[in-house]
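Everything on this sheet refers to the single structure shown next.
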Amino acid sequence: MSDILCKLSEYGKATADEDMSVHTTFRAGGVADYYVVPEDYNRIADIIRLCKEEKMPYFVLGGGSNVLFTEKGYKGVVIHIDSHLSDVRIEGDILTAYAGAKLPAVSSQAARAGLSGLEFAAGIPGSVGGAVVMNAGAYGGEIKDVIEYADVFDTNGDIIRLSADELKLGYRTSIIAQKGYIVISAGFRLTGKEPEKIMALMNDYNERRRQKQPLEYASAGSTFKRPKGNFAGSLIEQCGLKGYGCNGAEVSEKHAGFVINKADASADDILNVMRHVIDTVYEKTGIRLEPEVKIIGEGRVL
């Protein structure tokens with residue numbers, strides 16, 4: 001066991017050469033040099049300090065729903081904050097959820113408590129931490145519409161509380177993403193409503209999602225950011241790219257905004273499809289699409 005792996009093991013379950021395809025919804029990707037699941041939130045600060053001491057890069061992984069690790073892998077430490085750190089509590093109209101809590105579960109808990117505001121998140125497969133970092137949204141709702149504050153680790157491992165304004169939430173961005181902070185938990189201010197009405201709206205959103213999105217295949221959700229004044233899926237479809245594929249990676253026939261892993265595609269296959277889509281759309285429309293998916297690791301990206 002290497003010295004770094006031995007030290008990481010003091011703070012949680014740690015492994016070397018971890019296959020990251022099993023931890024991401026794309027079900028593709030290379031290995032991380034080191035992978036650790038912290039025992040609790042206090043251990044995250046310890047891991048950050050260790051990485052700094054060892055001059056070792058680190059990446060914080062949540063639900064893995066908006067991430068693709070390259071085939072050459074990640075030369076650093078992946079800190080995985082998932083369902084083991086997912087407590088949710090409700091006090092009045094404030095729902096506080098820890099970073100590892102899954103958005104559908106949090107939305108359902110709010111609905112049962114008669115609290116409205118998170119219906120839009122009912123079908124988003126990510127975790128609270130990632131949703132806050134990226135200001136996740138769907139069906140006209142966004143995290144910024146309901147968030148009250150977020151508690152985060154700064155780059156020194158100290159805990160700070162950021163108000164909604166201080167978070168600077170924008171389209172798929174935040175001060176957290178810009179500064180490299182790590183979300184611990186977030187508080188959402190919700191409004192009272194009959195649970196039956198909340199659940200009806202959530203069910204409607206989920207049915208629309210099932211009808212329009214390729215949920216039967218592995219993917220990272222919407223692959224590209226929405227260009228100003230347009231939609232990525234519409235542009236891709238207009239360019240005749242529906243169904244374009246490479247060794248199991250494919251532009252979905254159901255929704256062109258999704259690149260899917262249809263048949264054991266590699267990360268390289270997925271990136272090849274994304275690259276072709278970006279180049280073709282730019283050539284035909286003059287609009288350069290930007291990936292919404294975070295691409296992590298060594299080697300050529302896009």
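The values are calculated or read from the model by the stated rules, or taken from the named source; none is laboratory data. None of these values were measured; they are calculated from a predicted model. Here Cβ is always computed from backbone atoms with ideal geometry, including for glycine, and neighbour counts include all displayed protein chains. What goes into the accessible areas is simple: the full protein's heavy atoms, side chains included, and nothing from ligands, DNA or RNA. Shrake-Rupley method; radii C 1.70, N 1.55, O 1.52, S 1.80 Å.
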With x for Gly and Pro, the residue-by-residue ³J(HN,Hα) of the range 33-43, computed from phi through the Karplus equation 6.51 cos²θ - 1.76 cosθ + 1.60 at θ = phi - 60° and given in whole Hz, is 3, 9, 9, 9, 10, x, 5, 7, 5, 4, 5
Residues whose built amide H sits under 5 Å from the amide H of Gly73, excluding neighbours closer than 5 in sequence, are Gly30, Val31, Glu298
Mean-square fluctuation maximum in Gaussian network of the chain, Cα pairs under 10 Å, restricted to Ala218, Ala131, Ala200, hits Ala200
Using alpha carbon centers only, the range 48-73 is separated from the range 266-301 by a whole-angstrom value of 21 Å
Where a ≥ b ≥ c are root eigenvalues of the Cα gyration tensor, a/c under 1.5 meaning rounded, otherwise prolate if a/b exceeds b/c and oblate otherwise, the range 229-280 counts as prolate
Where a ≥ b ≥ c are root eigenvalues of the Cα gyration tensor, a/c under 1.5 meaning rounded, otherwise prolate if a/b exceeds b/c and oblate otherwise, the range 252-302 counts as oblate
Comparing Leu241, Leu50, Leu289 in a Gaussian network model of the chain (Cα, 10 Å), the one with the largest mean-square fluctuation is Leu50
Expected vector for the range 137-151, Karplus 3J(HN,Hα) from phi with 6.51, -1.76, 1.60 and θ = phi - 60°, integer Hz, x for Gly and Pro, equals x, 6, 6, x, x, 9, 3, 4, 6, 10, 6, 9, 6, 9, 8
In terms of the alpha carbon gyration tensor, root eigenvalues a ≥ b ≥ c, rounded if a/c is under 1.5 and otherwise prolate when a/b exceeds b/c or oblate, the chain is oblate
With -39,500 (n - 2.57) per DSSP H segment of 4 or more residues and division by the full residue count of the chain, the 222 nm estimate, nearest 500 deg cm²/dmol, is -8500 deg cm²/dmol
Under a Gaussian network model of the chain whose springs join Cα atoms within less than 10 Å, the largest fluctuation of Glu18, Glu53, Glu148 belongs to Glu53
Restricting to Cα pairs under 8 Å and 6 or more apart, the percent relative contact order of the chain works out to 18 percent
Extension length gain for Lys179 and Tyr139 (0.36 nm per residue less Cα distance), in nm, is 11.6 nm
Taking protein heavy atoms only, a 1.4 Å probe, and rounding to whole percent, the accessible area of the chain owed to carbon and sulfur comes out at 46 percent
Given 137-146, 33-42, 117-126, 278-287, the highest-first ranking by average Cβ count within 10 Å works out to 117-126, 33-42, 137-146, 278-287
In whole Hz, the Karplus estimates of ³J(HN,Hα) for the range 156-167 (6.51, -1.76, 1.60; θ = phi - 60°; x where Gly or Pro) are 9, x, 8, 8, 10, 9, 10, 6, 4, 5, 5, 6
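Just the accessible area per residue of the range 127-273, please: how many Å² with a 1.4 Å probe? Before the final figure, lay out the partial values.
Numbers: 6810 Å² over 147 residues.
That works out to 46 Å² per residue.
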